[in-house]
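Below is one structure, written out as structure tokens; the observations come after it.
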Amino acid sequence: MSTDNLSSSILTLVTFAPLASGLLLLLLPRRDRDIRIFALVSSLLTFVLSLHLPVYFHRSLPGFQYEVDKQWITSPNIHYHMGIDGISVWLLVLTTFLTPLCVLISWKSVHERVKEFFIILLILETALIGVFTSLDLFLFYFFWEATLIPMALLIGIFGHERKVYAAVKFFMYTMIASVFMLAAILWLYAQTGSFDFVIIRDQIARGALPNFPAAAQWLFLGFFLAFAVKVPLFPFHTWLPDAHVEAPTAGSVLLAGVLLKMGTYGILRFNLGLFPEQSRRNAPWIMTLALIGIIYGALVALVQPNMKKLIAYSSVSHLGFVVLGIFSFTQAGLNGAMFVMLAHGVSTGALFMLAGILHERRHTYEISEFGGLASPMPVYAASYLFIVLASVGLPLLNGFIGEFLVLTGAFQAKPIYGILAATGVIWSAGYLLWMYQRVFFGKVTHPVNNSLPDISGFEKAAVWPCALAALVMGVAPILWLGAIDPAVQAALTPFAQVASKVVGQ
Amino acid sequence: MTAVEFMSAPPALLQTIPQGVDYIRILPELVLSAFGIAVMLLDPVVDEKTSQRFLGLIALAGALFGIAATWYMSQSPGLAFSNMIRVDSFSVFFHFLVIAIAAVVILTSYEYMAVQRIRAGEYYALILFGVVGMVLMSSAVELVLIFIALEISSISTYILAGFRRHDASSAESSLKYFLLGSFATAFFLYGVALIFGATGSTNIDDISRTLLAGPVELLIYVAMALMFVGLGFKVAAAPFHIWTPDVYEGAPAPIVGFMSTAPKAAAFAVLLRIVFVINAPGRQWLIWVAAALSMTLGNVGALVQNNVKRLLAYSSIAHAGYLLVAFAATPDLGTSAAMFYTAAYAAMNIGAFAVVSHFANAGERYVTLEDYEGLGRSSPLLAATLTIFLLSLIGIPMTGGFFAKFYVFSAALKANLVWLTLIGVINSAVGAYYYLRIVVVMYMRESRREVPVTPIPFGLGLALVISVVTTLYLGLFPNRILEYTQQSARALVAPVQSGPTRALRTPEKF
């Protein structure tokens, strides 16, 4: 009985624990050290709590687990419906894993308005977790919008020189795109009388909505636009470099690590789940955009003089892989897409932390300002190399598994997509290794760099868990894929039917 | 009157002689009038230095007793005064809303009066008298009575707008409001006359039955359009919105908070009755155009404003547009969505203006965006409350503004108004930009100018707490209010189908 209680309340607990600790933080006196310790301890506790979910997760079951379904508002019919499957469980754990690291990396670098910073960070965590756990479309939209404000505040208050511009741009891009999703959600509610994802999905699948076929394409686009801006899919990516360059390190880590995945998660869950037929139909142009994103992102990253911008564009490229994998509609492609999401979250998060560490010492991200850093900062250089290798997809590290699976899926779908996407892997090795060479190898070109202190204890504590995770994910991907695979298979079943329908005609 | 007498009295007489219960059904109006008169009489008697606080307290007590009277009134619903007034949950809702707005405005005015050196007597009395007109508008079902109530409320607000006597812009505001406003009421009256000509009645229920029974004449369309002009002016809907920015800029800030919520709520109540009970022919396209125009012009206008009062004026035009969207939907859903919206809008807008009026300081000197720079640091509490109101005006989840928009748009979608909904959601995304500009300058810019921030006085603090709590309550637990508005919506629409039928008088007899 007690385990039953726990399994029905654990999701609520994990989701709102950060918010609760954020509110508690509000009451704490303004002693920066205490606030930092409190934020760290509470976010670590949330992480430990969230580990309950994958540990007791029934891996072979494809459906939603730890479900809670309570009426929240009777009219309109809004439910507090939460639940996770093999897809969302890992994104949730990724969020709770990265947050304490964000606290650590901000330990020294944030020294003004410390209290506000950590409160905002914790509220953001709740909103992010909520996005991945909501099964009620209304609740989902609620959390989706709720992530906007804390992120915009993190960029706008704690960012660098052009922070206000970047914050407003970020906010407006996502806000405008997501109102189309709201319109689509409202349409679905008007037709079905429910916001429940499962109910709406079943009604659509049964063909119970007479007006649906005429509107389906618009609904698909409404959802897709909101997600594509968030991913960001080419050509909606222009807000991303600005937001990243101006954001504080912790903001960048969560932005790249988790916020972008909200978009790909949304596509996977809602576009594929609700509109399988339209997903099929629209796949060609979406895959083309994904391919353009992979190659364009990589090429632009290659010529960036700014380290953070380079990493930002590399995200555009990597997220292109995810979208490509999703729209290949193959088991391998979807598994790979999921794995790239997680791997990208860990290694790009770490890359942003490493860039932040340099910025902390020299207050610049310009690659030309550095050179030969390997000799004054050997441990830092080694950690950086490890993460770079993980990110370029060295076998036995996390990046390789996902990209390999995505490419397999893309080849199965259409060989030319696979061939073109494979060049992205080469480009990514190019820009990252070239950047690494310019920053770390050769002679120290700027004398100030000679006296730079090596990576500190807090920074190690933030970066090394990511490196460890990258290694484990690379060596034993089955730990993750074991849960992902059944969920992906379930997500793909309607496509098998759609495909057979097409063949049958 | 005993039951026997009741039975034996001739039916015509029964309708004309007011009974005790008739007075209960206008009890809030009576209570508010009594307190208004008391304030005016006491004004010359009490010492001028202490009068502001004392009279303010009396006015506040008047509002609180008005709320109590509303509760008492709600216990005996029904028609009163020869079917001129209808007390149902619809009118009770607007009574409560308007009087609560007045109470909050009195609280915010408390300190403002001293700073602006305004004589308190007339000010508070005018607020109370204005409220009498507004609440009467919400319960009147007789167009002539509605007109009288509209005039009572309008004349009070015309004068209140000019209360910063030493400031030319305030006089301009008052005069402009008065001239254009009387013009608009004339339109309304003309519409009433025409509809009387067409149907032979000025009673809303009778009119609706006549329209249901017979063919619709062209005259009705003209009458509807004219009445819409009059009410459209009062709610500041495009294309009758031109006065709004100038009037709001010049009027005292607490009064702007009042003007932009209470008379609007009352005018929307009338509009709801006219649109949905009469079930006005041709309403759909009329409202469609007005709603789309208001949303777009309001938001585009607000984008370029640098004065916060003007910005909020344009924002109120946009919000009138969102609200009008509900009027194009089906009667039951549309009414409840519109009622919820008025309540949510009142809470957030009055709160926003309360902050603006406190921050503007003596002589309303600090009202530009530059003055708000760095407010997040110099006055964190004030900035945080203003942020909550602005987020609610944007329509961010967890605030009342979100659910308000949500209900309106889902009601519109239920009525298959896909394009209007799309215009609405795009507009609300555009609107986010200018509200955020205020948040951005408060938190993300350093102040370049010395702007004094006085501590928050108790009255204002209380008003802010009420507004914040209401805004968040409506955003987190909208259930109860929504159930109430749905019930009122059914009560509003029901009499048309199943009300007591009265013999219709034909126009020839008059």
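Around A:Ala215, what is the net charge, scoring Lys/Arg as +1 and Asp/Glu as -1 over all other residues with Cβ under 15 Å from its Cβ?
Details: positive: A:Arg281, B:Lys414; negative: A:Glu277.
It works out to a net charge of +1.
Could you work out the mean projected area of the convex hull around the alpha carbons of the range A:68-152, in square nanometres to one decimal? Can you show the working numbers first?
Numbers: hull surface 25.2 nm².
With every direction weighted equally, the projected area is 6.3 nm².
Taking other Cβ within 10 Å of each residue's Cβ, how do B:Arg437, B:Arg377 sort, fewest first?
Working: B:Arg437 21, B:Arg377 14.
Ordered by Cβ neighbours within 10 Å, fewest first: B:Arg377, B:Arg437.
Less than 20 Å apart at the alpha-carbon level, and either on another chain or at least 8 residues along: which lysines does that give for B:Lys234?
Partners found: B:Lys176, B:Lys264, B:Lys309.
On the first, second and third principal axes, largest extent first, how far apart are the outermost C-alpha atoms of the range A:425-498 in Å?
The Cα atoms of the range A:425-498 stretch 65, 31, 18 Å along their principal axes.
Pop a pseudo-label 7 angstrom from the Cα along the beta-carbon direction at both A:Ser60 and B:Glu48 and give the gap in nm to one decimal.
Reported label-point gap for A:Ser60 and B:Glu48 is 9.1 nm.
Averaged over A:175-187, how many beta carbons belonging to a partner chain fall within 10 Å of each residue's beta carbon?
Details: counts 10, 7, 1, 2, 12, 4, 1, 9, 8, 0, 3, 10, 7.
Mean shielding count: 6.
To the nearest 10 degrees, how steeply does helix B:479-498 sit against the main Cα axis of chain B, on a 0 to 90 scale?
The angle comes out at about 30 degrees.
Give me the net charge of B:Ile37's neighbourhood, meaning all other residues with Cβ under 13 Å from the Cβ of B:Ile37; Lys, Arg count +1, Asp, Glu -1.
Working: positive: none; negative: B:Glu29, B:Asp43, B:Glu122.
With Lys, Arg at +1 and Asp, Glu at -1, the net is -3.
Could you give the C-alpha radius of gyration of chain A expressed as a fraction of 2.2 N^0.38 Å, taking N as the number of residues it contains? Present the calculation step by step, with values, prior to reporting the outcome.
On the way: Rg = 21.9 Å, N = 505, 2.2 N^0.38 = 23.4 Å.
Normalised Cα radius of gyration, chain A: 0.93.
Shape verdict for the range B:241-328, please, from the Cα gyration tensor: rounded (a/c under 1.5), prolate (a/b greater than b/c) or oblate. Could the numbers behind the result be given before it?
Numbers: a/c = 3.30, a/b = 1.62, b/c = 2.04.
Oblate shape, in that a/c is at least 1.5 and b/c is the bigger or equal ratio.
Can you give me the C-alpha center-to-center distance between the range A:232-273 and the range A:13-85, rounded to a whole angstrom?
So the two Cα centres are separated by 21 Å.
Quick one: Kirkwood hydrodynamic radius for the range B:92-244, alpha-carbon pairs, angstrom, one decimal? Don't skip to the answer; put the middle values down first.
Details: mean 1/r = 0.0589 Å⁻¹.
Answer for the range B:92-244: a Kirkwood hydrodynamic radius of 17.0 Å.
Rounded to whole Å and sorted largest first, what semi-axes of the equivalent ellipsoid does the C-alpha gyration tensor of the protein assembly as shown yield via the square root of 5 times each eigenvalue?
Listed largest to smallest, the semi-axes of the protein assembly as shown are 57, 34, 23 Å.
List the lysines whose Cα sits under 18 Å from the Cα of B:Lys414, skipping any in the same chain fewer than 8 residues away.
Cα-Cα hits under 18 Å: B:Lys405.
Using a Förster radius of 60 Å, what is the FRET efficiency between A:Ala382 and A:Thr12 based on their Cβ-Cβ separation? Nearest 0.05, please.
In this case the efficiency is close to 0.90.
Once you have the alpha carbon radius of gyration of the range A:1-117, what is it after dividing by 2.2 N^0.38 Å, with N set to its residue count? Mind showing how you got there, number by number?
Working: Rg = 16.8 Å, N = 117, 2.2 N^0.38 = 13.4 Å.
Scaled against compact globular proteins, the figure is 1.25.
Placing +1 on the Cβ of each Lys and Arg and -1 on the Cβ of each Asp and Glu in chain A, which of A:Leu44, A:Leu254, A:Ile484 has its Cα farthest towards the positive end of the resulting dipole?
A:Leu254
In a Debye calculation with equal point scatterers on the alpha-carbon sites of the range A:284-505 and no solvent, what is log10 I(q)/I(0) at q = 0.12 Å⁻¹?
Computed log10 I(q)/I(0) values: -0.65.
In a shell of Cβ-Cβ distance under 11 Å around A:Phe227, excluding A:Phe227 itself, what net charge do Lys and Arg (+1) and Asp and Glu (-1) give?
Working: positive: A:Lys230, A:Lys261, A:Arg269; negative: none.
Around A:Phe227, the charge tally is +3.
Charges on Cβ only, +1 for Lys and Arg, -1 for Asp and Glu, centred on the Cα centroid of chain B; of B:Thr421, B:Asn361, B:Ala262, which one is farthest towards the dipole's positive end?
Final value for the positive-end residue is B:Thr421.
Could you give the alpha-carbon Rg of chain B over 2.2 N^0.38 Å, rounded to two decimals?
Working: Rg = 22.3 Å, N = 510, 2.2 N^0.38 = 23.5 Å.
Ratio of Rg to 2.2 N^0.38 Å for chain B: 0.95.
Say each of A:His111 and B:Leu472 gets a label point 7 Å from the Cα, pointing the same way as Cα to Cβ; how far apart are those two points in nm?
3.4 nm
Which of the aspartates and glutamates could a cross-linker span from A:Lys163 if the Cα-Cα distance has to be under 12 Å and same-chain partners fewer than 8 positions apart are dropped?
List returned: A:Asp242, A:Glu246.
Rule-based calculations on the coordinates, nothing more; no lab input. None of these values were measured; they are calculated from a predicted model. FYI the Cβ positions are ideal-geometry reconstructions off the backbone, even for glycines, and counts take in every protein chain you see.
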